[in-house]
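S.K.: I have a structure I would like to understand better, so I am pasting it below and will then ask my questions one at a time.
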Amino acid sequence: MSSLLGTDQPHALVAGSGGFIGGHLVARLLAEGQRVTAVDVKPLDRWYQLHPKALNLSADLALREACQEVADGVDEIYNLAADMGGIGFIENNKAACMLSVLINTHLLLAARDRGVGRYFYASSACVYPAYRQGSARVEALCEDMAYPAEPEDGYGWEKLFAERMGRHFAEDFGLTVRIARFHNVYGPYGSWDDGREKAPAALCRKVAEAVRDGREEIEVWGDGTRTRSFMYVDDCIEGIRRIMRSDVEQPLNLGTSELITVGDLARLVARTAGVRLRHRYDTAAPQGVHGRNSDNTLIRAALGWAPVVPLAEGLRPTYAWIAAQVDAAAPVPSTTLGA
Ligand code: NAD
């Protein structure tokens, strides 16, 4: 492995590298000159990004042996591997979401056993209790609000448990663990049509399909009034790197505090595409908590930094990429066939 990658740079293992954030993180670490082992359970031809300079492996990190093997000789582990998706996925696949505990458990053990220097865990704003998010006029969530615990059922409980595992591996085994609670990340090279896509990607796809088909209406889940903040993936990667290098032992919010309703998000995506569309609200669809925003006081104080990319700006490359996927996936019109 070291002869393929060279030996003079820190060696990072990115778990979940075939996914959305993992693919972007591999690109960043390679650009910094790091050696990277990139691992995902998906076959390589289904990764959103495949970076030839990394050692790319397809392996199931829920298995102890696989984790021990890929962590051998590694300096840092970034655990971004999880069985997850948007609200439609996590509400209907709670057991699958909780099984990600196997990935984190076996990666933590491998980090301990292989003497890995630093371990990053991707937690989520879904750890915050439902009783703090019952209104669309939200109180921004700060880190100490995670307890008393009432996280998102399934997915959020697994994240909160994994955070505590990280804390106790640090206390009992001396592992250096860093944890970020991501708030709704969006950008190109992620899920957009497989049932795991989140609101920004789903709305980009619906708008792009409406543009392609000349329709003037899109379906929007919920009644449009729920509120969220959304972080562009470049900010997420910058935050991961800063948190990994920091001495902050407690979980930190990693998100923007630019709050927007789902209805306004749909309008902003349409504006990005240069169109105006009517909304058909589906109030029977999964919607999640009423309102959620990130309080960035702690990350600003600890790192002197917080995410900066405005939503309107980050949506441009996101929409462009998803619209290109929508166009590429469209069936060829029959009039052009066999002409
Ligand atoms: P993603 O689904 O695009 O990527 C996760 C990757 O993990 C997938 O490619 C998947 O194949 C891989 N994986 C699943 N099980 C595996 C296994 N057993 N072994 C190896 N790989 C496995 O998701 P993402 O959006 O890139 O999220 C990355 C991390 O960030 C996850 O832990 C997620 O829970 C967390 N997170 C993401 C968001 C967001 O908005 N995207 C928000 C909060 C937290």
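S.K.: When the chain is fully extended, how far beyond the present Cα-Cα distance does Ala302 get from Glu249, taking 0.36 nm per residue of separation?
M.R.: 18.0 nm
S.K.: Net charge within 13 Å of Val275 by Cβ-Cβ distance, Lys/Arg positive one each and Asp/Glu negative one each, not counting Val275 itself?
M.R.: Net local charge, Val275 excluded: +3.
S.K.: Less than 14 Å Cβ to Cβ from Ala328, Lys/Arg counted +1 and Asp/Glu -1: what total charge do the surrounding residues give?
M.R.: -1
S.K.: Once phi is turned into ³J(HN,Hα) by the Karplus curve 6.51 cos²θ - 1.76 cosθ + 1.60 with θ = phi - 60°, what whole-Hz value does each residue of the range 11-18 show in order, with x for glycine and proline?
M.R.: Per residue, the Karplus-derived 3J(HN,Hα) values read 10, 9, 10, 10, 8, x, 6, x Hz.
S.K.: Does a label point 7 Å from the Cα of Val275, set along Cα-to-beta-carbon, have any residues of the range 300-327 with amide nitrogen under 12 Å, and which are they?
M.R.: Label zone hits: 323, 327.
S.K.: When 1/r is averaged over all different Cα pairs and the result inverted, which Kirkwood radius in Å belongs to the chain? Provide the component values of the computation, followed by the final result.
M.R.: Values: mean 1/r = 0.0485 Å⁻¹.
Computed over the chain, the radius equals 20.6 Å.
S.K.: Under the rule of at least 5 residues apart or a separate chain, name every residue whose amide H is placed under 5 Å from the amide H of Ala82.
M.R.: none
S.K.: Can you list residues whose amide H is under 5 Å from Leu252's amide H, if they're 5+ apart or on another chain and H is modeled 1.01 Å from N?
M.R.: Ile179, Ala180, Arg181
S.K.: Could I ask something else about it? Taking the range 220-290, which GluC sites (Glu not before Pro) meet the DSSP loop condition and have no more than 14 other C-beta atoms within 10 Å? The partial results should precede the final answer.
M.R.: Values: sites: Glu238, Glu249, Glu258; in loops: Glu249, Glu258.
For GluC sites (Glu not before Pro) across the range 220-290 that sit outside H, G, I, E and B with at most 14 neighbouring Cβ atoms in 10 Å, the list reads Glu249.
S.K.: Follow-up question, since we're still on this one. Just to confirm a number: summing +1 for Lys and Arg and -1 for Asp and Glu over residues other than Gln49 whose beta-carbon lies under 13 angstrom from that of Gln49, what do you get?
M.R.: Once positives and negatives cancel, what remains is +2.
S.K.: Can you sort Glu313, Glu216, Glu143 from fewest to most other Cβ atoms within 10 Å of each residue's own Cβ?
M.R.: Final ranking by Cβ density, sparse to dense: Glu216, Glu313, Glu143.
S.K.: Averaging sequence separations of C-alpha pairs under 8 Å and six or more residues apart, then dividing by the length of the range 90-219, give the relative contact order as a whole percent.
M.R.: 27 percent
S.K.: Among Cys204, Leu160, Gly88, whose Cα projects farthest towards the positive end of the dipole of the chain, with charges put on the beta-carbon of Lys, Arg (+1) and Asp, Glu (-1)?
M.R.: Cys204
S.K.: Normalising by the residue count of the range 2-98, find the relative contact order in percent from Cα pairs under 8 Å and 6+ residues apart.
M.R.: Normalised by residue count, the contact order of the range 2-98 is 31 percent.
S.K.: Report, by chain and number, residues whose modeled amide H sits under 5 Å from the one on Glu197, excluding near sequence neighbours (fewer than 5 apart, same chain).
M.R.: Sorted by chain and number, the residues that satisfy this are Gly86.
S.K.: Computed FRET efficiency, Cβ-Cβ of Arg46 and Arg137, R0 45 Å: what is it to the nearest 0.05?
M.R.: 0.65
S.K.: Relative contact order, percent, of the chain when contacts are C-alpha pairs under 8 Å separated by at least 6 residues?
M.R.: 17 percent
S.K.: A further question on this structure: Suppose the chain between Glu217 and Ala130 were pulled fully straight at 0.36 nm per residue; how much longer would it get relative to their current alpha carbon spacing?
M.R.: Numbers: separation 87, 0.36 × 87 = 31.32 nm, distance 3.20 nm.
28.1 nm is the gain from fully extending Glu217 to Ala130.
S.K.: Now, a different point. Can you run phi through the Karplus equation (6.51, -1.76, 1.60; θ = phi - 60°) for the range 141-151 and list ³J(HN,Hα) in whole Hz, with x for Gly and Pro?
M.R.: Computed from phi, the couplings for the range 141-151 are 8, 9, 4, 7, 8, 5, 10, x, 7, 8, x Hz.
S.K.: For Asp153 and Met165 in one chain, what is 0.36 nm times their gap in residues minus the Cα-Cα distance, to one decimal in nm?
M.R.: Residue separation times 0.36 nm, minus the Cα-Cα distance, leaves 2.5 nm.
S.K.: What do you get for trypsin sites (Lys or Arg not before Pro) in the range 266-304 restricted to DSSP loop and a cutoff of at most 11 other Cβ within 10 Å of the site's Cβ?
M.R.: Passing both the DSSP loop test and the Cβ count: Arg276.
Values in this text are rule-based calculations from the coordinates and carry no lab data. Note that this is a predicted model, so its numbers are computed, not measured. We place every Cβ from the backbone using ideal geometry, glycine too, and count neighbours over all the protein chains shown.
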